[in-house]
Amino acid sequence: MLIFKLLVLILFFNCIYSSDIILKNIRNVRDSMSSFDKYGCSPVFSKSLNETNSLKKIIKQYLLDSSKCSVNEYNFIVGNLKPKIESLSNELEYLLHRCNARDYSSDSLSLERPARLHQFLQEWNSTLESLGQEIETRDFYTFNLDSIKQSANIVHHKDSQFENDFYHFKDCQDSYCPEMVVIPQGSFIMGGSDEEHAALSISNEIKKWDLPRHQVTFKKKFAIGQFEITSKQFREFVKETGYKIPKGCIAIKNIVDPSTGNRVSRLSFNDELDYENLGEGFEDRDESHPAVCLRREDVRNFAQWLSIKTGQTYRLPYEAEWEYVTRADQKYQYYIWGNTTEGGCKYANLYDLDSFNRFKLVFKNFNCTDGFVATAPVGSYLPNQFGIYDLLANAREWVDDCWHYSFDGAPSDGSRWGEENNGLCDFGVLRGGSFFYNTFNVRIAYRNAYFSSQSKSYMWGGRLVREIN
């Protein structure tokens with residue numbers, strides 16, 4: 001018995017020792033991400049990539065000898081830490097390549113501008129800190145839906161009901177089940193036009209992202225959320241699963257410009273914020289507002305959970321689905337309401353006069369008031385022609401596709417565009433603009449990406465699609 005106890009004790013301390021090595025190397029990666037302002041992109045990203053790859057090797061060695069550690073720790077390493085570190089390595093490698101590329105662009109509108117690369121490091125530092133804390137406290141969390149049970153309040157629908165275009169339905173009576181709308185089959189022209197780019201003075205850097213215009217045809221119906229995912233719905237998901245999101249998100253920071261002495265606002269990563277605590281401007285926010293400060297993976301995980309709760313297939317919209325719904329079978333136009341900024345505040349929660357007076361962002365605002373400085377309760381404004389609310393502004397919305405710099409080679413059947421045609425699948429695509437976006441970034445055609453799988457902002461949320469069999 002004594003020998004057995006000694007063996008157990010030795011195994012325990014070996015496990016702690018292995019965890020300490022992993023924890024030390026996580027700290028090394030985090031330390032390597034500092035001093036971006038001093039050293040710049042290439043030196044910092046090169047060092048971070050080396051440290052990350054060292055951590056990958058240590059994790060691999062740990063897993064070869066995994067029998068000596070607890071099941072919870074093993075599941076955490078395999079299901080959470082390992083895939084995160086692999087993703088970080090891939091992202092660092094790509095961005096280091098871009099740092100050293102001859103066509104690297106530091107333009108203020110570039111996806112790889114220095115400010116964004118700095119935010120990439122801050123976002124990943126927050127994620128690594130969260131992972132390290134779980135190892136240090138041995139309070140391991142791995143996202144797992146095996147124990148989730150289907151709702152007891154399922155609503156059953158006849159197949160014939162889904163034959164009706166714009167049929168409204170919910171799959172359960174619980175508050176977390178979204179109101180869905182059946183979208184008909186059809187075709188549309190996706191992308192922006194030269195006329196639109198000229199009229200709104202869209203830069204050469206940006207306009208290539210929504211070109212060329214191309215026809216997309218949907219041969220099958222699908223359903224989309226009438227509203228964006230609300231804070232109440234997301235809280236129900238967190239409550240049942242214990243879901244964890246690293247602290248911090250991109251927000252507006254007010255600073256004094258030392259050269260002029262004027263108060264100005266900048267986008268920056270705030271490590272004190274999270275989806276529950278969004279700071280200045282959100283004092284009146286309640287559960288009816290869209291859930292924001294979410295990564296693409298958080299919305300995807302919410303969709304997986306909802307699929308189990310309802311027995312149906314929920315997911316993020318594909319980019320073509322999102323634009324098809326937003327254009328709503330109307331003639332080509334820049335915004336849901338037409339080709340000018342007039343009337344926008346009736347349809348969307350925009351960067352309006354009240355927001356401008358409070359935050360003083362330097363770009364062009366809408367010359368109207370919509371009643372809210374930050375997010376608004378979902379469905380507060382007029383819907384589009386398909387009866388869908390808040391497709392433009394309020395919260396910007398994640399879609400499921402991988403990022404491509406243009407529509408060259410894009411699918412014509414409305415399917416998800418993956419890694420083919422040099423798709424960057426670590427980096428999510430956002431559509432629709434937000435309450436802080438300028439007049440040309442809430443147009444229907446505008447699209448971009450943020451080069452970090454850990455990117456989140458108090459301006460970004462999402463809505464879901466439900467497949468119809």
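The values are calculated or read from the model by the stated rules, or taken from the named source; none is laboratory data. All of these numbers come straight from a predicted model, not from anything done at the bench. Cβ placement follows ideal geometry from the backbone for every residue including glycine, while neighbour counts extend to all protein chains displayed.
Where residues in the stretch 225-253 are in a strand (DSSP E or B) and either among the β-branched types (Val, Ile, Thr) or out of contact with any Phe, Trp or Tyr (no Cβ under 7 Å at 6 or more places or on another chain) (or both), which of them is farthest from SER130 (Cα to Cα)? Break it down into steps so the answer makes sense when it comes.
Looking only at the stretch 225-253, we keep the residues that are in a strand (DSSP E or B), and these are 225, 230, 249-253.
Filter again for either among the β-branched types (Val, Ile, Thr) or out of contact with any Phe, Trp or Tyr (no Cβ under 7 Å at 6 or more places or on another chain) (or both), leaving 225, 230, 250, 252-253.
Numbers: GLY225: 32, THR230: 25, ILE250: 17, ILE252: 23, LYS253: 23 Å.
Here the answer is GLY225.
What residue, of ILE154, ILE135, ILE183, is under 25 Å from the mean Cα position of the chain (by Cα), touching a residue at least 12 places away in the same chain (Cβ under 8 Å) and at negative phi? Write out each step before concluding.
Numbers: ILE154 fails: under 25 Å from the mean Cα position of the chain (by Cα); ILE135 fails: under 25 Å from the mean Cα position of the chain (by Cα).
Checking each option against the conditions leaves just ILE183.
Residue by residue through the stretch 378-415, note down the ones that are closer than 15 Å to ALA320 by Cα and polar (S, T, N, Q).
Once the filter is applied, which keeps residues that are closer than 15 Å to ALA320 by Cα and polar (S, T, N, Q), the stretch 378-415 yields SER406, SER412, SER415.
When residues of the stretch 169-180 are filtered for being crowded, with 20+ Cβ neighbours inside 10 Å and either within 24 Å of the chain's Cα centre (by Cα) or not assigned by TED's automatic domain parsing to the domain that holds GLU287 (or both), how many remain? Please lay out each step first, then the result.
Of the stretch 169-180, the ones crowded, with 20+ Cβ neighbours inside 10 Å are 171, 176-178, 180.
Add one more test, that the residue is either within 24 Å of the chain's Cα centre (by Cα) or not assigned by TED's automatic domain parsing to the domain that holds GLU287 (or both), and what stays is 176-178, 180.
Residues in the stretch 169-180 being crowded, with 20+ Cβ neighbours inside 10 Å and either within 24 Å of the chain's Cα centre (by Cα) or not assigned by TED's automatic domain parsing to the domain that holds GLU287 (or both): 4 in total.
Filter the stretch 111-153 down to the residues that are hydrophobic (A, V, I, L, M, F, W, C) and part of a helix (DSSP H, G or I), then identify the one that is surrounded by the most Cβ atoms within 10 Å (Cβ to Cβ). Give the steps one after another, and end with the answer.
So the first thing to find is which residues in the stretch 111-153 are hydrophobic (A, V, I, L, M, F, W, C), and the list is 111, 115, 117, 120-121, 124, 128, 131, 135, 140, 143, 145, 148, 152.
From what's left, part of a helix (DSSP H, G or I): 115, 117, 120-121, 124, 128, 131, 135.
On the way: ALA115: 15, LEU117: 23, PHE120: 28, LEU121: 23, TRP124: 25, LEU128: 23, LEU131: 21, ILE135: 18.
Step by step, filter the stretch 111-153, then rank; the result is PHE120.
What are the residues in the stretch 323-359 that are of a type in the set (A, V, I, L, M) and without any contact (Cβ under 8 Å) to a residue 40 or more places away in the chain, if any? Even if it seems obvious, please write down each step before you answer.
To start, the set of residues in the stretch 323-359 that are of a type in the set (A, V, I, L, M) comprises 325, 328, 336, 348, 350, 353.
Listed by number, the list holds a single entry, LEU353.
What residue, among those in the stretch 50-85 that are acidic (Asp, Glu) and at pLDDT 90 or above, is nearest to SER18 (Cα to Cα)? Outline the logic, then answer.
In the first step, residues of the stretch 50-85 are kept if they are acidic (Asp, Glu); the result is 51, 65, 73.
Checking the rest, the ones that are also at pLDDT 90 or above come to 51, 73.
Details: GLU51: 17, GLU73: 11 Å.
In this case the residue turns out to be GLU73.
Out of SER151, SER203, report the one residue that is modelled with pLDDT under 95 and small (Gly, Ala, Ser). Even if it seems obvious, please write down each step before you answer.
Values: SER151 fails: modelled with pLDDT under 95.
One residue alone meets the criteria, SER203.
Can you say whether LYS208 is among the basic types (Lys, Arg) and farther than 30 Å from ASP408 by Cα, as far as the supplied structure shows?
On the way: among the basic types (Lys, Arg): yes; farther than 30 Å from ASP408 by Cα: no.
The answer is no for LYS208.
Taking the stretch 100-132 as the region of interest, how many residues are small (Gly, Ala, Ser), closer than 20 Å to LYS207 by Cβ and under 17 Å from the mean Cα position of the chain (by Cα)? Talk me through it step by step, then tell me what you get.
First pass over the stretch 100-132, keeping only residues small (Gly, Ala, Ser): 101, 105-106, 108, 110, 115, 126, 130, 132.
Imposing the further condition that a residue be closer than 20 Å to LYS207 by Cβ reduces the set to 105-106, 108, 110.
Within this subset, residues satisfying the condition of being under 17 Å from the mean Cα position of the chain (by Cα) are none.
Looking only at that region, the number is 0.
Report yes if some residue within the stretch 184-206 is assigned by TED's automatic domain parsing to the domain that holds PHE440, in contact with a Lys or Arg (Cβ under 8 Å, 6 or more places away or on another chain) and farther than 29 Å from THR439 by Cα; otherwise report no.
yes
Given the condition in contact (Cβ under 8 Å) with a residue 60 or more places away in the chain, in contact with a Pro (Cβ under 7 Å, 6 or more places away or on another chain) and surrounded by 12 or more Cβ atoms within 10 Å (Cβ to Cβ), answer yes or no: does some residue in the stretch 186-194 qualify? Walk me through it before giving the result.
Our first condition is that a residue be in contact (Cβ under 8 Å) with a residue 60 or more places away in the chain; within the stretch 186-194, this holds for 186, 188-193.
Restricting the remaining residues to those that are in contact with a Pro (Cβ under 7 Å, 6 or more places away or on another chain) gives 191.
Okay, now just the ones that are also surrounded by 12 or more Cβ atoms within 10 Å (Cβ to Cβ), so 191.
Within the stretch 186-194 (the criterion being in contact (Cβ under 8 Å) with a residue 60 or more places away in the chain, in contact with a Pro (Cβ under 7 Å, 6 or more places away or on another chain) and surrounded by 12 or more Cβ atoms within 10 Å (Cβ to Cβ)), the answer is yes, since at least one residue qualifies.
For (1) outside the structural domain of ALA303 (by TED's automatic domain parsing); (2) at pLDDT 95 or above; (3) closer than 24 Å to ARG213 by Cα; (4) crowded, with 24+ Cβ neighbours inside 10 Å, each residue gets a yes or a no:
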residue: LEU391; (1), (2), (3), (4): no, yes, yes, yes
residue: ALA410; (1), (2), (3), (4): no, yes, yes, no
residue: GLY423; (1), (2), (3), (4): no, yes, yes, no
residue: ASN441; (1), (2), (3), (4): no, no, yes, no
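Mind telling me which of the residues ASP103, ASP165 ends up being farther than 22 Å from SER34 by Cα and in the same structural domain as ILE26 (by TED's automatic domain parsing)?
Values: ASP165 fails: in the same structural domain as ILE26 (by TED's automatic domain parsing).
One residue alone meets the criteria, ASP103.
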